[in-house]
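A short reminder: the numbers here are calculations on the coordinates, not readings from a lab. It should be emphasised that the depicted structure is a prediction, and the values quoted were computed from it without experimental measurement. Note that each Cβ is placed from the backbone with ideal geometry, even for glycine, and that neighbours are counted across all protein chains shown.
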Amino acid sequence: MKQITILGSTGSIGANAIKVVTANPELFRIKYLSAGQNAVKLIEQAITLKPKAVAIADSSKALQIENALKPYSIEVLSGKDGILEIASRSDVNLVVNAIVGSAGLEPSIGVLNAGIDLALSNKESLVMAGEIINKLLKKNKLNLFPIDSEHSAIRQCLVGENPTDIRKLILTGSGGPFRLLPINQFGDITPEQALKHPTWNMGKKISIDSATMMNKGLEIIEAYWLFNVPPEKIEVLIHPQSIIHSMVEFVDGSIKAQLGLPDMKLPIQYALSYPGRFPVSWEATNFTEIGQLTFESPDFNKFPALQLAFDALHRGGTAPAILNVVNEFAVYAFLENKLSFMEIPGLVDRALTKLTIVDHPTLQDILEAEQSGREFVEQHVQRHN
Ligand SMILES: NC(=O)c1ccc[n+]([C@@H]2O[C@H](COP(=O)([O-])OP(=O)(O)OC[C@H]3O[C@@H](n4cnc5c(N)ncnc54)[C@H](OP(=O)(O)O)[C@@H]3O)[C@@H](O)[C@H]2O)c1
C-alpha cells in the first residue's frame with residue numbers, strides 16, 4: 001500500500017486527488033494533508049480520512065483545527081513551517097503538490113530534499129526553479145509525475161519512444177473564455193467573466209491564467225523542464241473542445257495524441273498509477289456526442305502572455321520566476337478589481353524589463369526574485385488605486 005501526502009487538499013486538484021485515492025483504498029492511504037486557510041474543509045477531510053497529521057498555512061486557524069481534531073489524535077501543524085514540515089515527512093511514498101502559486105515552490109523542494117517522489121500539479125514550482133528541481137531529481141534519483149493534463153498527455157505519448165525522435169511537442173489549449181471576443185473589448189473584461197472557463201472547472205488563479213493564456217505560457221516553460229526539448233520544439237495549438245490533451249510529433253511525421261474528457265481525475269490517477277493504469281467507473285468518452293474536434297492558431301496579439309513566456313524561457317535565469325510571480329500577484333489584484341485584465345500581461349512585460357535577472361539562480365536568488373516581483377505589483381497597485 002502506498003502512503004500519500006496531499007498538499008493543497010482543500011483546493012480543486014486536492015479534492016480530486018482525494019477522490020482518486022479513496023476510490024482505490026486497497027492501493028493507497030492518505031497520511032498527511034495540508035491547506036492554505038480553509039479550516040472547515042480541512043477539518044472535514046481530516047475527520048473522514050484520519051491522516052496522521054494536517055498542516056494549515058494560516059496560523060490563526062490552528063487552534064480551531066486542534067479543538068476539532070482532539071478526539072481523533074491527529075497532529076496539527078501550522079504556518080509556512082508547518083506546511084514545509086508536512087511536505088518533508090519521509091514516511092510516505094509519494095507527495096501530491098496541489099498548492100496554488102509560488103507558495104508551492106519550497107514545499108516541492110522540501111519533498112525532493114526528503115527523498116520522496118513528487119506528483120506535481122503546482123506548475124509554478126517548475127516554472128520558477130526548473131533547473132534546481134531537475135538537479136534534485138537526478139541527485140536523489142527521484143520521479144516527478146506531472147499532473148497538468150497537457151504534460152500528462154505528453155508523458156503518455158512518450159511511453160516507449162526515444163526522446164531524440166521528438167520533432168515537436170504540441171500543447172493544446174481551449175483558448176479560454178475570450179477566444180472569440182474582439183480585442184477592442186478586452187479593456188472591459190471583469191473578474192466574473194474571466195472566471196467562467198468554457199470547458200474546465202478549476203481554482204480561481206488558474207482560471208484567470210487560462211483567460212489571459214498565461215496558463216499556456218507557464219505550461220510552455222513547464223514542458224521545457226519536464227521533457228528537455230528546446231523552446232523552438234514547443235508549439236501551442238488552440239483546441240476548444242479540450243478532448244485532445246496534447247500531442248507529440250516525431251521525426252518521421254507520425255503524431256501521437258492523448259484524448260479524454262476534460263476531467264483532472266484522469267491525469268491525477270495516471271500520476272499515481274504510472275507506469276500502469278487502473279480501471280475506473282467514470283463517464284466514458286462518447287465521440288458521436290462530441291461530434292467535432294477543431295483546431296486554431298493562438299492569437300499572440302490578444303494573448304501577449306504567450307510571447308512573454310517564450311521570451312522569459314529564452315532569457316532564462318530568474319526571468320521565468322519573475323514572470324510567474326508578477327503574473328500571480330497581478331491576477332490577485334485583478335480579482336480584487338485593482339487592475340484591469342490587460343494590465344496583467346502588461347505588468348509582467350514591464351517587470352521583465354525593469355527587474356534584475358540573475359543567471360543560474362540559487363533557490364535564494366529565486367526567492368528574492370519572488371519578493372521583488374511581489375513588491376513590483378504592490379507598488380503599481382498602490383500608485384493606481
Ligand atoms: N484546477 C485544475 O483543474 C488544475 C489543472 C492543472 C493544473 N492545476 C494547477 O494545480 C495547482 C492548484 O490549482 P487549483 O485549481 O486546485 O487551486 P485552488 O483550488 O485554488 O487550490 C489551491 C490549494 O492551495 C492551498 N493554498 C493556497 N495558498 C497556500 C499557501 N500560501 N500555503 C499552502 N497552501 C496554500 C489552498 O488552500 P485553501 O483553499 O485552504 O486556502 C488550496 O488547498 C495550481 O498550480 C494550478 O495551476 C490546476
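What ranking of Trp282, Trp200, Trp225 emerges when the number of other C-beta atoms within 10 Å of each C-beta is taken as an exposure proxy, fewest first?
With the sparsest Cβ surroundings first, the list reads Trp282, Trp200, Trp225.
Past the 20 Å Cα-Cα mark, which pairs from Lys50/Lys141; Lys123/Lys338; Lys123/Lys204?
Working: Lys50/Lys141 31 Å; Lys123/Lys338 25 Å; Lys123/Lys204 15 Å.
Beyond 20 Å: Lys50/Lys141; Lys123/Lys338.
Considering the chain as a Gaussian network with a 10 Å cut-off on Cα pairs, which listed residue, Phe303, Phe287, Phe145, attains the greatest mean-square fluctuation?
Highest fluctuation among the options: Phe287.
How far, in nm, would the chain grow between Glu296 and His314 when pulled straight, counting 0.36 nm per residue and subtracting the alpha carbon separation? Before the final figure, lay out each step's value.
Values: separation 18, 0.36 × 18 = 6.48 nm, distance 2.47 nm.
This chain segment gains 4.0 nm when fully extended.
Mind checking which aspartates and glutamates have their Cα closer than 17 Å to the Cα of Lys196? Skip sequence neighbours fewer than 8 apart in that chain.
Asp188, Asp209, Asp263, Glu336
Give the Debye-formula value of log10 I(q)/I(0) at each listed q (0.07 Å⁻¹), with one equal scatterer per alpha carbon of the chain, two decimals each.
Rounded to two decimals, the profile gives -0.30.
Provide the gained length on full extension for the span Glu161 to Arg350, in nm with one decimal, where the gain is 0.36 nm per separating residue minus the Cα-Cα distance. Numbers along the way, then the final one.
Numbers: separation 189, 0.36 × 189 = 68.04 nm, distance 4.07 nm.
Here the segment from Glu161 to Arg350 would lengthen by 64.0 nm.
What's the ranking of 103-112, 78-87 by average number of surrounding C-beta atoms within 10 Å, highest first? Before the final figure, lay out the partial values.
Values: 103-112: 24.2, 78-87: 19.6.
Ranking, from highest mean packing down: 103-112, 78-87.
Fully extended, how many nm does the chain gain between Thr285 and Gln307 (0.36 nm per residue separation, minus their Cα-Cα distance)? Numbers along the way, then the final one.
On the way: separation 22, 0.36 × 22 = 7.92 nm, distance 3.35 nm.
Full extension of this stretch gives 4.6 nm more.
Taking 31 Å as the cut-off for C-alpha to C-alpha distance, list the pairs among Lys139/Lys168; Lys61/Lys354; Lys19/Lys205; Lys70/Lys138 that go past it.
Working: Lys139/Lys168 28 Å; Lys61/Lys354 38 Å; Lys19/Lys205 22 Å; Lys70/Lys138 41 Å.
Beyond 31 Å: Lys61/Lys354; Lys70/Lys138.
Taking Rh as the Kirkwood radius computed over C-alpha pairs, what is the Stokes-Einstein D of the stretch 1-76 at 25 °C in a medium of viscosity 0.890 mPa s, expressed in µm² per second? If you can, show how the numbers build up before the last one.
Working: Rh = 12.2 Å.
In µm²/s, the coefficient is 201.
Would you give the gap between the C-alpha center of the stretch 239-304 and the C-alpha center of the stretch 305-348, rounded to a whole Å?
Rounded to whole Å, the Cα centres lie 26 Å apart.
Per residue and in cubic angstrom, what volume does the convex hull of the Cα atoms of the stretch 61-141 have?
On the way: hull volume 7.4 nm³, N = 81.
Given the Cα convex hull of the stretch 61-141, per-residue volume reads 91 Å³.
Nearest 20 debye, what's the magnitude of the dipole of the stretch 98-228 about its Cα centre given +1 on Lys and Arg Cβ and -1 on Asp and Glu Cβ? Before the final figure, lay out each step's value.
Working: 13 positive and 13 negative charges, 39 e Å.
Charge dipole of the stretch 98-228: 180 debye, to the nearest 20.
Within the stretch 153-193, what residues put their amide N at less than 17 Å from the label point 7 Å along the Cα-to-Cβ vector of Arg277?
The answer is 153-161, whose backbone nitrogens lie closer than 17 Å to the label point.
Show me the helices of the chain, taken as full DSSP H stretches, that run 20 Å or more along their long axis by Cα and average 1.0 or above in Kyte-Doolittle hydropathy. Could the numbers behind the result be given before it?
Details: long enough: 123-139 (21 Å, 0.06); 319-335 (24 Å, 1.42); 363-384 (32 Å, -1.05).
Helix filter hits for the chain: 319-335.
For Lys80, which aspartates and glutamates qualify as cross-link partners when the Cα separation must be under 15 Å and same-chain residues fewer than eight apart are set aside?
The qualifying aspartates and glutamates are Asp58, Glu106.
Looking only at Cα atoms, what is the convex hull volume of the stretch 1-137 per residue, in Å³? Write out the running numbers ahead of the final one.
Values: hull volume 12.2 nm³, N = 137.
Normalising the Cα hull of the stretch 1-137 by residue number yields 89 Å³.
Rounded to a whole number, what is D in µm²/s for the stretch 241-314 from Stokes-Einstein with the Kirkwood radius over alpha-carbon pairs (4 °C, 1.567 mPa s)?
Values: Rh = 15.6 Å.
Result for D is 83 µm²/s.
In the stretch 282-323, whose amide N lies under 15 Å from the spot 7 Å out along Cα-to-Cβ of Lys135? List them in ranges.
317-318
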